[in-house]
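Written out below as structure tokens is the structure these notes cover.
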Amino acid sequence: MTEGNDGQMTCRFANIIVDISHEKVDRPFQYRIPDGLMGKIAVGMAVTIPFGRGNKLIHGYVMEITDNALYEESLLKEIHSIVKDGVSAEADSIRLAWWMKQNYGSTMISALKTVLPVKQKRKQLVKKTIVCMADEAVAAGKAEEFGRKHQTAKARLMQALSIQPLLPYTLVTGKLNIAAQTIQSLEKAGLIEIRSEETYRNALPENVARGWQKKTKNQLSENQERIVESIAADFRAGIRQTYLIHGVTGSGKTEVYMELIDRVIAEGRQAIVLIPEIALTYQTLVRFYQRFGEKVSVMNSRLSAGERSDQCVRAAKGEIDIMIGPRSALFTPFERLGLVIMDEEHEGSYKSENMPKYHARETAAELCRMKDAVLVLGSATPSLESYHKAKNGEIKLFTLKERLAGGQLPQVHVEDLRQELKSGNRSIFSRRLHALIGDRLEKGEQTMLFINRRGYAGFVSCRSCGYVMKCPHCDVSLSEHTDKYKKAGRLVCHYCGYETPGVTSCPQCGSKYILGFRAGTQQIEELLHKEFPAARVLRMDADTTRSKDSYEQILSQFANEEADILVGTQMIVKGHDFARVTLVGILAADMSLHAGDYRAGERTFQLLTQAAGRAGRSALPGEVVIQTYQPEHYTIVHAANQDYEGFYEEEMTYRDLMMYPPAAHMMAVLVLSPDAVTGAGHAGKLAERAKAVSGDALALVIGPTEASIGRINDVFRYIFYIKHRNYQVLTEIKDALETYIDMMQWNADSVQFDFNPMRNY
């Protein structure tokens with residue numbers, strides 16, 4: 001290290017990546033920082049460097065500054081200069097990647113591949129047009145001449161051009177069936193000209209833009225206007241912070257978003273709108289396109305590589321102002337980003353399951369800090385993390401407590417499935433729900449039936465008394481691991497590894513009706529056809545939405561009232577607005593309530609509240625039926641009463657006692673190994689190392705144990721958790737473990753870190 005002009009120690013080397021926008025990311029190259037630039041080089045900065053044997057001067061981006069030389073210092077080339085005005089959207093992406101590497105424990109290359117949505121430049125589409133260079137009479141004469149010479153292809157083309165002097169090249173070669181050789185010969189003769197222009201692939205579904213007409217903006221309510229003016233005033237004053245809009249379902253959060261975007265665009269800035277799932281894209285796009293037209297585009301994994309490439313090019317050129325999509329849309333290369341909106345911010349899909357395991361909410365906050373932009377979070381059921389920050393004054397809270405146009409929240413019925421069983425009803429549908437479905441069919445109104453997953457739940461509960469088998473150490477439900485040869489298998493905790501034999505009778509009441517709940521969307525669809533033969537039923541789950549436009553097709557059919565009942569998993573309860581839906585049935589609230597996860601209560605409350613919010617969103621009153629074996633559970637009670645504050649207080653008491661986020665922080669350390677014994681040994685060593693380096697009695701290490709799925713593709717998986725009240729302490733432990741892993745050189749094994757995990761391992 002050397003001492004800079006300000007007396008601080010500065011690093012002597014920079015790791016630089018080159019050509020990241022259009023080439024495959026390979027590896028960084030290290031350069032010496034010359035004395036004249038010492039202390040002036042920063043991560044993300046664009047620099048000019050000599051590259052290759054010929055020392056050709058090219059641009060690169062600084063991804064790390066360090067005092068550790070990777071090679072003999074004399075062999076390293078020097079940075080030539082700093083690129084003037086070299087802080088671009090691309091440079092910001094580099095800085096963001098570095099932040100993700102530091103905060104989430106990944107390689108820099110993995111982080112770069114995440115923030116650069118287009119890994120390789122795609123060929124630009126070229127639109128060709130054939131232009132007639134002769135007037136109508138001459139063209140017609142040439143057509144006759146070619147006809148006499150039996151040059152029929154030339155005759156057809158000239159005849160067509162005499163009527164329409166401009167023709168698309170694809171039309172000529174397709175419908176007119178004229179060969180390229182014939183076209184070229186006419187061009188050489190000076191009769192036609194082929195003109196080419198670059199064009200973009202259309203990322204929008206055809207039915208979004210087709211027949212589009214601009215829609216006038218709705219008049220904001222007094223509360224909506226208050227929120228918009230408050231955020232807009234802060235923006236004009238240069239105040240940059242995060243805002244949380246807690247609005248009940250149907251309260252008009254989207255109208256607030258659009259008005260804020262209008263204000264930001266008027267300031268010459270751009271906006272990103274994040275939605276939790278691709279399933280919400282269509283309805284969101286329609287609303288935004290009606291307001292902003294061609295300023296809007298979309299980014300998601302369902303687009304082709306060429307479509308994604310084109311949207312990035314358009315964004316970088318400033319040809320679009322609004323990008324809509326799931327979490328990957330956050331990395332749109334906007335130069336003038338002013339606003340990021342994160343709708344349904346509570347959704348778990350905002351957390352990446354791949355390395356780096358980043359959360360879009362935290363990453364968006366960092367991006368906004370870098371870009372001098374504003375982050376707006378919105379939800380009817382905010383995440384405990386966001387609401388906790390709002391309560392502590394870290395972010396600013398706004399509330400919308402009433403539905404627009406005076407609409408009322410639906411009436412909620414909680415049906416006790418224990419009583420249904422005692423009365424002899426063993427159907428998936430309670431008697432009340434069955435009757436209400438029939439009533440809606442008679443009235444010509446629509447019904448949505450929701451079940452938490454299409455597969456099977458792993459927890460075990462008693463159908464007679466509602467008792468759930470739980471871990472005595474972690475206060476989460478035990479998961480059922482069936483044994484092929486035994487009636488009852490094993491019950492396992494996926495946090496600490498606690499294990500107990502399966503049960504055949506309830507430990508609390510002695511009933512034999514204790515088992516895992518088994519019902520999926522397909523079974524429900526089949527039962528509906530049996531019970532209501534005249535009903536038109538649609539199913540929406542992972543199986544029915546595999547194709548590119550399947551989401552839009554199913555939702556369009558239901559919106560157009562081509563179906564009476566929509567059955568689905570959680571994708572049907574997020575953000576959709578159907579005027580004729582007056583009944584929502586939640587078939588098995590317990591499936592998520594006891595999912596073997598400390599977030600189970602929060603997820604259940606959110607799902608129930610969001611599902612209930614789909615009913616009665618127009619003038620027609622709505623009803624909701626929640627079916628459960630535990631109607632007295634605080635999560636069910638608060639969801640039925642739409643009481644978020646009451647749920648928050650009870651849930652936070654539990655989180656605080658158990659040291660779960662957001663009361664504390666937790667880091668999962670996953671060890672992957674081709675050998676079971678080696679993997680278990682390395683997990684044990686890392687856990688001991690974590691205890692040693694923490695040096696803090698407040699750091700709690702749980703495990704290691706075998707992961708919930710112990711082997712995938714012949715790779716063995718071991719997991720342990722570390723809890724601490726201070727997030728920074730966990731990052732320091734992560735850094736120490738990474739150093740230890742590098743020193744031990746476990747070439748065959750890999751280790752993944754996940755901060756405040758949103759899933760079970």
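Nothing in this text is a laboratory measurement; each read-out follows from the coordinates by a stated rule. No experiment lies behind these values; they were computed from the predicted model shown. Glycine gets a Cβ as well: all are built from the backbone with ideal geometry, and neighbour counts include every protein chain shown.
Numbers below:
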{"quantity": "Sequence of SER93, SER81 once ranked by neighbouring C-beta atoms within 10 Å, starting from the fewest", "calculated": "SER81, SER93"}
{"quantity": "Note, ³J(HN,Hα) from phi for segment 600-610, Karplus 6.51, -1.76, 1.60, rounded to Hz, x at Gly and Pro", "calculated": "4, x, 5, 4, 5, 4, 5, 5, 5, 5, 5"}
{"quantity": "Segment 665-755, dipole about Cα centre (Lys/Arg Cβ +1, Asp/Glu Cβ -1), debye to the nearest 20", "calculated": "260 debye"}
{"quantity": "Exposure proxy order (Cβ contacts within 10 Å, fewest to most) of PHE720, PHE605, PHE51", "calculated": "PHE51, PHE720, PHE605"}
{"quantity": "Three-way shape label, the chain, alpha-carbon gyration tensor, a/c 1.5", "calculated": "oblate"}
{"quantity": "Percent RCO, i.e. relative contact order, over the chain, from Cα pairs under 8 Å lying at least 6 residues apart", "calculated": "10 percent"}
{"quantity": "Nonlocal amide H pairs with ILE58, under 5 Å, H built at 1.01 Å", "calculated": "ILE49, PHE51"}
{"quantity": "Peptides ranked, highest mean first, by Cβ atoms within 10 Å: ranges 631-642, 593-604", "calculated": "593-604, 631-642"}
{"quantity": "Simple spin-label estimate for GLU335 and ARG426 in nanometres, 7 Å along Cα-Cβ", "calculated": "7.0 nm"}
{"quantity": "Segment 601-660 and segment 157-176: distance between their alpha carbon centers, rounded to Å", "calculated": "63 Å"}
{"quantity": "Among VAL264, LEU686, VAL298 the positive-end extreme of the charge dipole of the chain (Cβ point charges)", "calculated": "VAL298"}
{"quantity": "FRET efficiency, 1/(1 + (r/R0)^6) with R0 45 Å, evaluated for ARG369 and VAL131 via beta carbons", "calculated": "0.30"}
{"quantity": "Separation of alpha-carbon centers, segment 701-753 and segment 319-340, rounded to whole Å", "calculated": "34 Å"}
{"quantity": "Cysteines without a disulfide-compatible partner [the chain; Cβ-Cβ under 4.7 Å]", "calculated": "CYS11, CYS132, CYS312, CYS368, CYS496"}
{"quantity": "Computed lengthening from ASN218 to ARG240, 0.36 nm per intervening residue step minus Cα-Cα distance", "calculated": "5.2 nm"}
{"quantity": "Only Lys, Arg (+1) and Asp, Glu (-1) charged, at Cβ; segment 206-395 dipole about Cα centre in debye", "calculated": "220 debye"}
{"quantity": "Full-extension gain in nm, ARG148 to ASP67, via 0.36 nm per residue minus C-alpha separation", "calculated": "21.0 nm"}
{"quantity": "Label-to-label distance, nm, for residues given as SER81 and SER511 (7 Å Cα→Cβ offset)", "calculated": "8.0 nm"}
{"quantity": "Rounded to the nearest 20 debye, dipole of the chain from Cβ charges on Lys, Arg, Asp, Glu", "calculated": "1760 debye"}
{"quantity": "Selection from ALA595, VAL412, LEU555, by position along the positive dipole direction of the chain (Cβ)", "calculated": "LEU555"}
{"quantity": "Members of LYS113/LYS351; LYS56/LYS77; LYS113/LYS357; LYS101/LYS351; LYS101/LYS734; LYS351/LYS396 lying beyond 18 Å, as alpha-carbon distances in this model show", "calculated": "LYS351/LYS396"}
{"quantity": "Extension gain, LEU404 back to ALA180 (0.36 nm per residue minus Cα-Cα distance, nm)", "calculated": "74.7 nm"}
